[in-house]
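Enquirer: Take a look at this one; I'll ask things after.
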Amino acid sequence: MDGSLASTARPGGSAQAPGPARPGGSDHAAGPARPGGPAQAAGPARPTRLTLEDGALRREGRPYFAAGFNYHPSQAGCAYWHKWDPGVLDADFRRMAELGFNTVRFFVFWADFEPAEGVYDAEKTGRLRELARIAERHGLYCLPSLLTIWMNGQRFEPDWRRGRDLWHDESMAERQRAFVEHIAGVLRDAPNILAYDLGDEVIHVDSAASAALSPEEVRRWWALLAGAIRGADPAALVLQANEASAVTGGHAFRPEHAGPLDLVGLHGFPVWSPFHIEAVDSVKASSFVPYLVRRGRADTAVLVDELGSYGCDEATAARYLRATAHSAFAAGAAGTAVWCWQDFTTEDKPYALRPNERFVGLVDADGRLKPAMDAYREFAARATGELAGFAPAPPAVGVFLPEADPGDAAYLATGGPGEAAAFYAHLLLQRAHLPYAFARPDDLDRHALVVCPSVRHLSLPDQQRLRAYVARGGTLLYTTGDLLHAFGGEDLFGIRIRDYTLDPAAADSFTWQGVRYPVHRPPGQIPLLEAAGADVLAAFPCGAPALTRHRHGRGTAYHLSAPLEEGINAPYRLEEAPWHLLYAGLARAAGIEPEITADEPAVETTVLHRGAERCAVVVNHAPATVHTTLRRAGGAGGAAPPATEVVLEPKGVRLVRWNA
């Protein structure tokens, strides 16, 4: 590309880390001291409390990215509050800092700190203060996870709980409130508390009870505990961390309900996903956590406080972590904490029952750094250094997910679950190199194009929102997952339902702009449409309209009578056809031109802004080496900069910088 553009990686993919960043308060860790790059590190400085601004952490007004680890000591495991060895903590925390990291997440096991109801263990309380001081000495921020009962698939129960419901039993609600208030009071004067996690994946302590809670009940519980923490520690940030079901599941512990919190913690591991991720090395795998971040960021700030992989060798784990961490940063994550610091030698609970959980550290039991550590160091140095202050720009494309049917989802419905549609819309937009965000219902107008993927239910308020958005000049792409409950209206789309068929071959594909798109549907009724004012852009084999375009007010509404995104949710189907070209073509028709593209769809090109500076985070999500061409859009004069040929190793990353 042109001479004003700087690249920070060798042609083979990932750049070499520029050396360990000094965490906990140096200019290098906290952000750039000048527009051109980070200041030189001056050694660990005394941390000060962090704040949030526009979904990002800040330290004394400067951008701050949290990069670190989940932590239990190798020999003690989950029993470290009993098998206390401050020397081990000191050595581990020193090494974390020397490697360039700035954050440690640890777990306050409720049973250890409140051994009898209403009685707090003074010795453990003192050890908690000591842990925070050791971390401070090495410039590390602390992310304590409170109310820890659930860990590695097992419960560490306070004996005195006796099965009482955490959410409906008033006495248990009071015990939780008092406990988090106690811990926040203990740590109130510690300057290096990043945030308090109310309880790691606490929903699994009693899955049936947590699943039965309404959004309002979850908000009340979050507000009760967050208020207690803020009362004891007014400078506190508060989150609650859950695994991917906080986005993909049906319970109410979701980002859109997290108003009482400052941010949410999200975890995503590719082997535990509902989206048919074929392998840890697959394109979908390293795109999964960034998807969770983007979903959460529609409503609140997101910290990826568990990041890593299971079920693969060390080289695969390193590739996965490199691509996923960079992509999560580009999606707007406020920080990352890898699961976990070191392999375990202990055979105590929970490792006796789940022995393979002992081997997911980035340091092995003998202290050797695994290949994933090199990948994570490289990322942390970038995220806390040259990338500090870069953030996603307001995107031209929004993905709007209409509210789910609050009643019985099976009532007169056809098709499968609709959550997959959002993930595959994310993948198609990423593959089309289109900047996007998940859209809020009351903020559609900030997007030139709104995508509603594989809609299975459309309420009247959402129908009215979409109609008004298009009438004001917006462009809408609406694909249907269940036309009976999700028909958007004849006046908006210029189509009407004529009848249906049970013959899959009647509507199994369509061709648009020379590309044939197969259509995958669940068994059942297939709606057949007819135009009522809309232009028919593509038809099914039976002749019924497939893709239509209709002017409504000052805008344009496109309608696809197929569950495009939901239908891709099958092993290896993402590569079956160039699905993303449909999105790309309609974006061009709406006047949207990405700032930078690659001719390889597996290569992500997310552009971040910092004032007039631009940085494209170019991520090869494929498990194979890719030769691709990067092209930037034309500038004010209309002439596009020269294209650049690049080679990216499997899951390789390159940063491309220029000035607008």
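Enquirer: Measure off 7 Å from each Cα along the Cα-to-Cβ vector at ARG94 and GLU130, then give the distance between these two points in nanometres to one decimal.
Expert: Result: 1.7 nm between the two label points.
Enquirer: Lys/Arg Cβ at +1, Asp/Glu Cβ at -1, dipole of the range 397-589 taken about the Cα centre: which of ALA471, HIS520, ILE568 is farthest positive-ward?
Expert: Farthest along the dipole direction, towards plus: ALA471.
Enquirer: Then there's this: Just to check I understand the Karplus step: with θ = phi - 60° and J = 6.51 cos²θ - 1.76 cosθ + 1.60, what whole-Hz values come out for the range 436-448, glycine and proline as x?
Expert: Here the 3J(HN,Hα) series is 8, 8, 6, 8, 7, x, 9, 9, 5, 5, 7, 10, 6 Hz.
Enquirer: Within the set of other residues whose C-beta is less than 14 Å from the C-beta of ALA132, count the net charge using Lys and Arg as +1 and Asp and Glu as -1.
Expert: Values: positive: ARG46, ARG49, ARG105, LYS124, ARG127, ARG129, ARG133, ARG137, ARG188; negative: ASP90, GLU130, GLU136, ASP189, ASP233.
Neighbour charge sum, excluding ALA132 itself: +4.
Enquirer: Can you spot the lysines whose alpha carbon is less than 19 Å from LYS651's alpha carbon? Ignore those fewer than 8 places along the same chain.
Expert: LYS284, LYS370
Enquirer: So what are the radius of gyration and Dmax for the Cα set of the range 19-385, in Å?
Expert: Reported Rg and Dmax, both Å: 19.0, 58.
Enquirer: Exactly which trypsin sites (Lys or Arg not before Pro) in the range 527-602 are in a DSSP loop and have at most 10 other Cβ atoms within 10 Å? Mind showing how you got there, number by number?
Expert: Details: sites: ARG549, ARG551, ARG554, ARG573, ARG588; in loops: ARG554.
Passing sites in the range 527-602 are ARG554.
Enquirer: Right, something else. Once you order the gyration tensor axes a ≥ b ≥ c over the Cα atoms, which shape class does the range 411-507 get: rounded for a/c under 1.5, otherwise prolate or oblate by comparing a/b with b/c? Could the numbers behind the result be given before it?
Expert: Working: a/c = 1.82, a/b = 1.29, b/c = 1.41.
Taking the square roots of the gyration eigenvalues as a ≥ b ≥ c, the range 411-507 is oblate.
Enquirer: Within the range 124-196, list the trypsin sites (Lys or Arg not before Pro) lying in a DSSP loop whose Cβ has at most 12 other Cβ atoms in a 10 Å radius. Numbers along the way, then the final one.
Expert: Details: sites: LYS124, ARG127, ARG129, ARG133, ARG137, ARG155, ARG161, ARG162, ARG164, ARG175, ARG177, ARG188; in loops: ARG162, ARG164, ARG188.
Hits after loop and neighbour filter: ARG162.
Enquirer: Something else about it: Let me see the P(r) profile for the range 397-589: every Cα-Cα distance counted, bins of 5 Å, each bin given as a percent of all pairs.
Expert: P(r) for the range 397-589, in whole percents per bin: 1, 8, 18, 22, 23, 17, 8, 2, 0.
Enquirer: Same structure again: Restricting things to alpha carbons, tell me how big the range 114-165 is in terms of Rg and Dmax, in Å.
Expert: Spelled out, the Cα radius of gyration and Dmax of the range 114-165 are 14.0, 40 Å.
Enquirer: Give the span of the chain's Cα atoms along each principal axis, as three whole-Å numbers ordered largest to smallest.
Expert: 76, 61, 41
Enquirer: Under 17 Å Cα-Cα from LYS349, which lysines qualify once same-chain neighbours fewer than 8 residues away are excluded?
Expert: LYS83
Enquirer: Note down the net charge around GLY553, summing +1 for each Lys or Arg and -1 for each Asp or Glu among other residues with Cβ under 11 Å from its Cβ.
Expert: On the way: positive: ARG467, ARG472, ARG551, ARG554; negative: ASP491.
Surrounding charge for GLY553 is +3.
Enquirer: Let me ask you something else. Debye sum, Cα scatterers, the range 501-616, no solvent: what log₁₀ I/I(0) at q = 0.11, 0.15, 0.20 1/Å?
Expert: The computed values of log10 I(q)/I(0) come out as -0.47, -0.80, -1.18.
Enquirer: May I ask for the net charge around LEU292, where only other residues with Cβ less than 15 Å from the Cβ of LEU292 are counted and Lys, Arg are +1 while Asp, Glu are -1? Don't jump to the answer; show the numbers that get you there.
Expert: Working: positive: ARG254, LYS284, ARG294, ARG295, ARG297; negative: GLU201, GLU243, GLU256, ASP299, ASP305, GLU306, GLU419.
Summing Lys/Arg as +1 and Asp/Glu as -1 gives -2.
Enquirer: Where both partners of a DSSP beta bridge lie in the chain, what percent of those bridges are antiparallel, to the nearest 5?
Expert: Numbers: 58 of 101 bridges.
The antiparallel proportion sits near 55 percent.
Enquirer: If you don't mind, another one. Let me have the 222 nm mean residue ellipticity of the chain computed from DSSP H runs of 4+ only, each contributing -39500 (n - 2.57), with the sum over all residues rounded to the nearest 500. List each step's numbers first, then the result.
Expert: Details: 17 runs with 176 residues, N = 660.
Helix contribution divided over all residues of the chain: -8000 deg cm²/dmol.
Enquirer: Sticking with this one: Using modelled amide H (1.01 Å from N, peptide plane; none on Pro or chain starts), what sits under 5 Å from the amide H of VAL450, excluding residues fewer than 5 places away?
Expert: GLY398, THR475, LEU476, LEU477
Bear in mind these aren't lab numbers, they're just calculated from the coordinates by the rules spelled out. Please read all numbers here as calculations on a predicted model, not as lab measurements. Here the Cβ is made from the backbone with ideal geometry for all residues, glycine too, and neighbour counts use every protein chain on show.
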